[in-house]
Amino acid sequence: MRRMFSTMSFIFCLVATCSAHAESLDLTKATVLVRAGDLPPAEKIASTILVEEVERRTGVRWKVVTECPEASIGPIIAISTVAHIPAWHAHFIPTASGPMPEKKAEAFAIGRLPTFGGPEKLLVRGHDPRGAMFGVGKLLRSLTWGKGQVSIESDFESSEAPDRPLRGHQIGYRDTANSWDAWTYDQFEQYFRDMVIFGANAVENIPFHDARLPRVMKYTRQEMNTKFGELCEKYDLDHWIWVPVEVRLPNDEKEAAFLKTQEAFYRSVKRLDAIFVPGGDPGNNKAIVLIPHLEKMAALARKYHPQTKVWLSLQHFKTDDVDLTFNYLIEKKPDWFGGLVMGPGSPPMEPTRQRLPKPYQLRWYPDITHVVRCQYPVAWLDPALGETLGREPVSPRPVDMTQIYQMDYTLTDGFLTYSDGVHDDFNKNLWTQLGWDPNRSPRDIAREYARFFFRSDLAELGADGLFGLENDMRGSLADNGTLGATFLLWQELERRVPKEAISWRFRMHLFRAYYDFYTRERLAYETQLERQALDHLRSPVGRDAKTVALQIKYSIEAARAILNRATTHPIQPELHAKLIAFGDELFRDIGLQTSVPKYDASGYERGAVLDFLDYPLNNQWWLEDQFDKIEKTSDHAEQRRQLDVVVNWENPGDHGYYDVIGHVGRSPRIVKLLMAGDAMRHETDIPMPTQRWVGEKKNVLRQAWHSYLDVIPSGITYSDLDQSAPYVVKLFAQRESPLVIDGVKAKLLKKGAQYDQVTEQIFEVPAEAVQDGAIKLTWETLPDEVNMNWRNRHYVTDIWVMKKPASFK
C-alpha cells in the first residue's frame, strides 16, 4: 500500500509538473520591442535591465528592436508608456488598447494581447517612464528561468501602482558599511539595479561623514560620490544625501569651511534631489542656529540643482527646539524645505504628522539593519545570539518588518531606510514592496526574492528558508525546535544549487543558517561542560589540611580542563571550518567583512560574527576568575567556602527560585511578546530586555549579566513559598534597587560584591508577606533617571527568592 501511495504521489507530481509546463508561455526566443528615438532615462534603461538580467540567469540574449518585426520566430515583449505612444502601436495592437495602468505616477500594467494568428505578444506599459521600468522589474521577478530557457505563466498579468511616492534606502560609501565600502563601480550599479527591479525609486548617499578610509576601499569618497550621482541619473533614482552638521554652531570659520566642502560636492555631482540633515545622532545643534545653516545649504545646492530641497529630522531635539522648528515652518513657509524625517530618537510620529504644515512631507528613516540596541530590536533575542551575532548579522525579518511597516506607514509619505551593509538585503526589498502594497503578504515577497535571487524553482523552499532564519531568533535558543529544521532546509537548498551557481545572497543566508545551528550546538555543549566542571568542584574533601589543599587544587585543575574542552575538543569542528570558508567566500564575492582583524570590519558589533565563533556561551571566564581568586587564598577552609559559593551560585534552595529576568529562556514569570509589532504596541506595559555590549575581549561576567530589564513589567509573582520560613530576595542590579515587596518598600539587609556594573543586594521579605505562600515584587520609579542616559539607569539582571540564610538570623 505504501509503495502504491508513493507511486501515485510521483505520478501526481509528474502530471502537475507537465501541466505547469504546458500552461507556460515560452519566452526563450522572444524579441524586445521598444520606442524609437531619444528616450527618458527610466524608459531607456528598462529594456537594458530586462535583456541583461535574463541573459545573466539563462545565457539567452534577447534582441531589442524599435520596429515591429514583420515575421517573428518567437514572442514579442513590448515596452511602452501611456504618455508616448510608439509608432508601432497601431500595427502591434490593431484592435485593442492593451493593458492600461492606473493614472498614477510610476504605475504599470502587464498583459498578453490577442495574437490574431501572429506571434505571442506581451505588453509592459507604464503610466510614465518609471512605470515602464518598474513593470520590467515585476516581469523579471515573475519569470521562470533555467539554463537556456525562459518562460512565464500563460495567464500572467499584473497591474500595480505604488502606495507611497518615496521608496528608497541609504547606501553610504563609508567605513561603517560592512560590505559595499569594498565594492567596484559595477557592483554598485548592479545593487542599484536590483533595488529598482524590486521597485525602489530613491537612494541616499553619505558623502562627507566618517573620515577613515578602510583598506578595502577601491575608490576615494569623491570618486564614488560622483558615481552615485551618475547612477541615479542613469536609473532615474531620486538622489538623496545624508549630511549631519557636526560643526558646533555658531562658529563662522568652521561653518564657512563646511559650506565650502558642500558646494564642491553640489557642483560636481550630476544629480541631486534632496539633502537630509539629522537634528542629532550625530549633530546636536540647537534649532535656533541649525535652521539658518540649513538655509545656506539650500541656497548653495540650488545654485547647481534648482529642484533640491532640504529635509530635517528632530532626532534628540528638546521641546524648545521642536516648537521653534514648527513655528518657523508655519511663519516663514520656506520653499527650499522639503519636510521632516522620522528617525530613531525623533518625537512620536503621529503628533509630528499633525503639527507639520502642508505642503511639507513626512519621511520615515527606519532602522531595518540592526537587531539589538536599536530602534526595532528582535524581541527577547536569546543572549547567546545577541553576544555572537552582534548588531548587524544577516537578518531577514519578514514578519517583524511587515508588522513594523504596517503600524506607521499611513502617517508618512514614504521612506528611505537606514542601512550599513547588505546583511539586511531582504529587509530592503521587503520594505520596497510594502511601499507598493502595504497589505502584501511577506511570504509572497519572500517567494519573489528567492525566485529572482536564488533560483526560479526554489521560490517556495527559499521563502521557507528566509522565514526560518527569522524564527531562529525567536525564543530560547536552547529550546528552539525549529532551528534544526531550518538548518536542514538550507542544507537541502545548498545541495540543489551547484556551487558555481550560488549567488552571494544565497550564500549569505546559508551562512546564517550554519551559524545559528553551530551556535546552538555550541551552547548545549558548553552548558554541559559547565555542569561537569561544577560537579568536579563538589567532590568530598578529607579531614586533614594537606588532603583538603590537594583536593581543592585538583578539583579546580579538573574544572579548568573541562571548561577548556570547548577549545581543546570543540563541538563539530567541521561546521567551524565551513563557517570560516563562508567568510572567505563572502569577502571574495562582495567584500562582506565578517571579521575585524581578517577583513577590516569597522567594529566588532558591525557584522564581525566570525570573531565570536569561540566566544564562551557559558560562565567560563567568570569561573576562571573565581578560581584565580580562590587559588590565591591561603586559608583552606575559606577556599572550601568560596568553592561552595561558586558551585551553588544559582541554587535558591528548597522552595526557592532563581530567575535571569532578561533571558528569554530563564524568566518563566515574565510576560513576553516575541513578535516585533506586538512588542512595540505594548512596550510600556510589557517591556523587552536590553542586551549589553560587553565587547569582544575577555570579560569576567556571568552570562546572566549580559541582558537585563530596565523596566520591570507590572510585577513578578513567586508562589509555593514555605509559609513557616523567613525569606530574602537577592538580586544583582545597577544602582541601588528600589525593590517593593507586596506593596511595601523592601528593607536592604546587605550590599555585597560588585561585578562590573552590577552589585549584589539582599532584601528582607516581611514575615506577613509569606503567610499566603506568595509574594509579588515590584519596583519604585526613580525620578532622577528621567534625563539620564539609558546605560546608567537602574536595571535588574537576576533574582533569587530563597529562605533566609543562617548567617542572617
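The values are calculated or read from the model by the stated rules, or taken from the named source; none is laboratory data. Note that the structure is a prediction, hence the values are computed from the model and not measured. Because the Cβ atoms are built from the backbone with ideal geometry, glycine has one as well, and the counts that use them run over all protein chains shown. Remember, those area values only see protein heavy atoms, side chains included, never the ligands or the DNA or RNA. Shrake-Rupley method; radii C 1.70, N 1.55, O 1.52, S 1.80 Å.
Overall, segment 285-348 carries a charge dipole of about 280 debye about its Cα centre when +1 sits on the Cβ of Lys and Arg and -1 on the Cβ of Asp and Glu, all other atoms neutral.
How long is the gain from GLU70 to GLU780 if the chain were fully straight, where each residue apart is worth 0.36 nm and the alpha carbon distance is subtracted? Taking GLU70 through GLU780 to full extension adds about 247.3 nm, to one decimal. Helix content alone sets the calculated 222 nm mean residue ellipticity of the chain: runs of n ≥ 4 DSSP H residues at -39500 (n - 2.57) each, divided across all residues, give -12500 deg cm²/dmol.
In segment 166-206, the alpha-carbon atoms span a convex hull of 65 Å³ per residue.
Peptides 227-234, 574-581, 424-431, ordered by how many other C-beta atoms sit within 10 Å of their residues on average, highest first, read 424-431, 227-234, 574-581. Highest-first packing order for the peptide set 123-131, 545-553, 163-171 is 123-131, 163-171, 545-553, based on the mean count of other beta carbon atoms within 10 Å. Computed over protein heavy atoms with a 1.4 angstrom probe, the accessible surface ordering of THR759, THR717, largest first, is THR717, THR759. For the chain, the mean projected area of the C-alpha convex hull, equal to one quarter of the hull surface, is 43.0 nm².
Dividing the radius of gyration of the alpha carbons in segment 431-588 by their Kirkwood radius gives 1.21 for Rg/Rh. As an exercise, use a Förster radius of 30 Å and the Cβ-Cβ distance of HIS569 and LYS698 to find the FRET efficiency, rounded to the nearest 0.05. It comes to 0.90. Panel values: segment 576-620, Kirkwood radius from alpha carbon pairs, Stokes-Einstein at 20 °C and 1.002 mPa s, translational diffusion coefficient 197 µm²/s. Scaling the Cα radius of gyration of segment 317-462 by the globular reference 2.2 N^0.38 Å produces a ratio of 1.23.
Calculated FRET efficiency, GLU189 and TRP790, Cβ-Cβ r, R0 41 Å, to nearest 0.05? For GLU189 and TRP790, the calculated efficiency is 0.50. The relative contact order of the chain, computed from alpha carbon pairs under 8 Å that lie at least 6 residues apart in sequence, is 9 percent. Computed from backbone phi with θ = phi - 60° and the Karplus coefficients 6.51, -1.76 and 1.60, the 3J(HN,Hα) list for segment 181-194 is 5, 9, 7, 8, 4, 4, 5, 4, 4, 5, 5, 4, 4, 4 Hz; x is used for glycine and proline. The residues of the chain expose, per residue, 42 Å² of accessible area to a 1.4 Å probe.
Calculated FRET efficiency, ALA211 to LYS147, Cβ-Cβ distance, R0 = 41 Å: about 0.30 to the nearest 0.05. The accessible surface of the chain, taken with every protein chain in place and a 1.4 Å probe, is 52 percent carbon and sulfur. Considering segment 544-629 at the alpha-carbon level, its Rg and Dmax are found to be 18.7, 65 Å. Percent of Cα-Cα pairs more than 15 Å apart in segment 65-162, please. Here the long-distance tail beyond 15 Å is 60 percent of all Cα pairs in segment 65-162.
Along its principal axes, segment 135-279 has C-alpha extents of 67, 36, 24 angstrom, given from the largest down.
With N the number of residues in segment 202-279, Rg(Cα) / (2.2 N^0.38 Å) evaluates to 1.15.
Going by amide H atoms built from the backbone, whose H comes under 5 Å of the H on GLU696, apart from near neighbours? Those qualifying (amide H under 5 Å, at least 5 residues apart or on another chain) number zero. The dipole here belongs to the chain: it is taken about the Cα centre, uses +1 on the Cβ of Lys and Arg and -1 on the Cβ of Asp and Glu, and is about 640 debye.
Scaling the Cα radius of gyration of segment 113-196 by the globular reference 2.2 N^0.38 Å produces a ratio of 1.48. With 0.36 nm allotted per residue and the present C-alpha distance subtracted, the PHE326-THR410 stretch has 28.1 nm of extension available. Quick note on segment 706-792: its Rg to Rh ratio, both from C-alpha atoms and Rh being the Kirkwood radius, is 0.99.
Pairwise Cα distances in segment 283-362 exceed 23 Å for 15 percent of all pairs.
Each peptide in 399-411, 760-772, 448-460 gets a packing score, the mean of other Cβ atoms within 10 Å over its residues, and the list from highest to lowest is 448-460, 399-411, 760-772. With 0.36 nm allotted per residue and the present C-alpha distance subtracted, the ALA637-ASP26 stretch has 211.5 nm of extension available.
Per the Debye calculation on segment 169-240 with a single equal scatterer at every Cα and no solvent contribution, log₁₀ I(q)/I(0) for q = 0.20 Å⁻¹ amounts to -0.78.
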